[in-house]
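Enquirer: Dumping the structure here so I can ask a few things about it.
The values are calculated or read from the model by the stated rules, or taken from the named source; none is laboratory data. In this text, all values refer to a predicted model and were calculated from it rather than measured experimentally. Using ideal geometry, Cβ is built from the backbone for each residue, glycine included, and neighbour counts are taken over all protein chains shown. When the accessible area is computed, the model is the full protein with side chains, heavy atoms only, and any ligands, DNA or RNA have been set aside. Shrake-Rupley method; radii C 1.70, N 1.55, O 1.52, S 1.80 Å.
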Amino acid sequence: MNFVLNFSLIFDFIVICLAFYFLYTRIFFISLGLLIAKSTYLYTSIYQAHLINFTFLPLLFGLLCLSKENKIIFCKENLINFLCLIVFMFISIFLSKNTNFLSEISKVKIINLSIFTPLSEFGFIIFSIMAFLVLARCIKSMQHYLLLAYILAFVQFLYTRLSLCSYFEFASFVFFVYLIFKLYKAFFYDEMTKLPNQKMLRYYLKNKENFVIALLHFNEFDYVQTAYKRLILRQLGKVLRKFKTKIFVSDDDFVLVFENQNKALKHLAFLESLLRNKEFSIEDEKFKLDFKIVWSNNTKELTQSLKDLKQRL
């Protein structure tokens with residue numbers, strides 16, 4: 001169990017640092033709450049700390065999941081999150097010295113569970129209620145990792161035989177995997193279109209010599225306002241992601257890579273037909289985009305090839 005405890009604690013610190021640096025505020029506050037929960041074991045018995053955490057940590061976790069996520073950690077909008085952490089910490093300290101409440105809730109017998117043997121039935125009820133609220137949040141925001149992290153944060157308390165050691169959880173590992181995945185997407189994918197960017201293009205073309213490269217340019221991007229450009233790019237991304245070929249984003253242009261000239265001509269003809277008949281809309285105004293496609297057989301380094309293609313636009 002020492003390995004699991006250390007594993008959980010190490011990932012807690014890593015996730016807090018990553019979330020703080022890259023401004024994933026919800027994960028930051030939840031991970032901080034998990035760390036505070038683990039600190040409870042420093043000043044009270046394992047059993048008492050378990051009861052405190054199984055009763056109040058689901059409330060804290062759920063409230064932090066339901067709170068609005070902001071891009072800045074230290075701002076007035078996050079005061080409620082800091083307040084929740086402080087209240088949880090004071091409750092933990094207070095109840096560690098006053099055991100009557102913990103003694104009473106440990107005696108609560110309301111439901112008959114055959115699958116689980118939770119440490120406290122009262123805590124299990126709180127856990128279940130917050131699980132439904134977190135589930136609703138996940139369905140609404142499509143952040144399903146939160147529900148997985150929530151369940152894995154309390155799996156120890158669902159089985160009495162696991163309550164002999166200090167608190168461990170796997171929520172921090174879920175957060176770690178999620179953050180690494182998001183950082184990977186941010187580094188190699190375009191935020192607006194969700195298509196791979198030029199870094200991924202260079203990686204994809206590494207050690208490739210024979211291929212056809214095409215450049216798709218939209219004339220509107222030369223003069224349209226940034227806000228409208230972002231809206232158009234989102235709609236374009238949905239269209240181009242369905243296109244069965246390798247497409248990458250390079251500045252405001254799209255780079256397509258094909259194995260040979262025959263495939264290039266076939267796919268580019270279909271793409272041109274698709275885009276000429278596709279209507280886009282902004283603020284209920286429908287329009288068609290003006291674009292141009294140029295292509296060539298690869299004979300040069302990527303930067304030079306893209307430069308030559310742009311000169312032909």
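Enquirer: Kindly state, to the nearest 0.05, the FRET efficiency for residue 282 paired with residue 303, given R0 = 35 Å and r defined as their beta-carbon distance. Working shown, then result.
Expert: Values: r = 33 Å, r/R0 = 0.94.
In this case the efficiency is close to 0.60.
Enquirer: Here's a follow-up. What is the Cα radius of gyration of segment 70-112 over 2.2 N^0.38 Å, N being its residue count? Kindly include the intermediate steps, with their values, before the conclusion.
Expert: Details: Rg = 16.2 Å, N = 43, 2.2 N^0.38 = 9.2 Å.
Here the answer is 1.76, to two decimals.
Enquirer: Kindly sort 303, 226 by accessible area of their heavy atoms, largest first, with the probe set to 1.4 Å.
Expert: Of 303, 226, the descending order of accessible area is 226, 303.
Enquirer: Which of the residue pairs 194/292; 194/244; 140/278; 229/286; 199/307 have a Cα-Cα distance greater than 19 Å in the structure shown?
Expert: Violating the 19 Å Cα-Cα cut-off are 194/292; 140/278.
Enquirer: Could you tell me the calculated FRET efficiency between residue 46 and residue 135, based on Cβ-Cβ distance and R0 = 35 angstrom, to the nearest 0.05?
Expert: For R0 = 35 Å, the calculated efficiency reads 0.70.
Enquirer: Turning to a different aspect of this structure: Please list, ordered by chain and number, the residues whose modelled amide H lies under 5 Å from the amide H of residue 249; skip anything fewer than 5 residues away on the same chain.
Expert: Under 5 Å from the amide H of residue 249 lie the amide H atoms of 197, 198, 255, each far enough along the sequence or on another chain.
Enquirer: For residue 93 and residue 159 in the same chain, what is the full-extension length gain: residue separation times 0.36 nm, less their Cα-Cα distance, in nm? Please report the intermediate quantities before stating the final value.
Expert: Working: separation 66, 0.36 × 66 = 23.76 nm, distance 2.48 nm.
Net length gain for the segment: 21.3 nm.
Enquirer: How much accessible area does residue 274 have with a 1.4 Å probe, in Å² rounded to the nearest 10?
Expert: 60 Å²
Enquirer: Please list 50, 267 from largest to smallest accessible area, probe radius 1.4 Å, with all protein chains kept in place.
Expert: 267, 50
Enquirer: Set Lys and Arg Cβ to +1 and Asp and Glu Cβ to -1, take the dipole of the chain about its Cα centre, and tell me which of 200, 70, 43 lies farthest positive.
Expert: Value: 200.
Enquirer: What FRET efficiency do you get for residue 251 and residue 206 if R0 is 22 Å and r is their Cβ-Cβ distance, rounded to the nearest 0.05?
Expert: 0.60
Enquirer: OK, next. Along the positive direction of the dipole of segment 202-313 (beta-carbon charges: Lys, Arg +1; Asp, Glu -1; about the Cα centre), which of 231, 270, 311 reaches farthest?
Expert: The one lying farthest along the dipole's positive direction is 270.
Enquirer: A further question follows. Could you order 89, 200 so the one with the most accessible surface comes first? Probe is 1.4 Å. Intermediate values should be presented prior to the final figure.
Expert: Details: 89 75, 200 25 Å².
Sorted by accessible area, descending: 89, 200.
Enquirer: If each of residue 83 and residue 183 carries a label point 7 Å out from its Cα toward its Cβ, how far apart are those two points in nm?
Expert: The two pseudo-label positions are separated by 3.3 nm.
Enquirer: Okay, moving on. Under unit Cβ charges (Lys, Arg +1; Asp, Glu -1), what dipole magnitude, rounded to 20 debye, does the chain have relative to its Cα centre?
Expert: Approximately 600 debye in magnitude.
Enquirer: Roughly how many Å is it from the Cα centre of segment 245-289 to that of segment 13-56, as a whole number?
Expert: Distance between centres, Cα-based: 48 Å.
Enquirer: Right, another one. Note the listed values (1) 0.94; (2) 1.14; (3) 1.17, then indicate which one is Rg/Rh (Cα atoms, Kirkwood Rh) calculated from this particular structure.
Expert: Only one listed value fits the structure, namely (2).
Enquirer: Work out how much length residue 234 to residue 74 would gain on full extension: take 0.36 nm times their residue separation and subtract the Cα-Cα distance, in nm to one decimal.
Expert: Stretched fully, the residue 234-residue 74 segment lengthens by 54.6 nm.
Enquirer: Let me ask something else. How many nm separate the modelled label positions at residue 313 and residue 242, each set 7 Å beyond the Cα in the direction of the Cβ?
Expert: 2.5 nm
Enquirer: For labels at residue 191 and residue 144 in the simple 7 Å Cα→Cβ model, what's the distance in nm?
Expert: Those two pseudo-labels are separated by 2.6 nm.
Enquirer: While we're on this one: So how much accessible area does residue 17 have, in Å² to the nearest 10, using a 1.4 Å probe?
Expert: Residue 17 exposes around 90 Å² with every protein chain in place.
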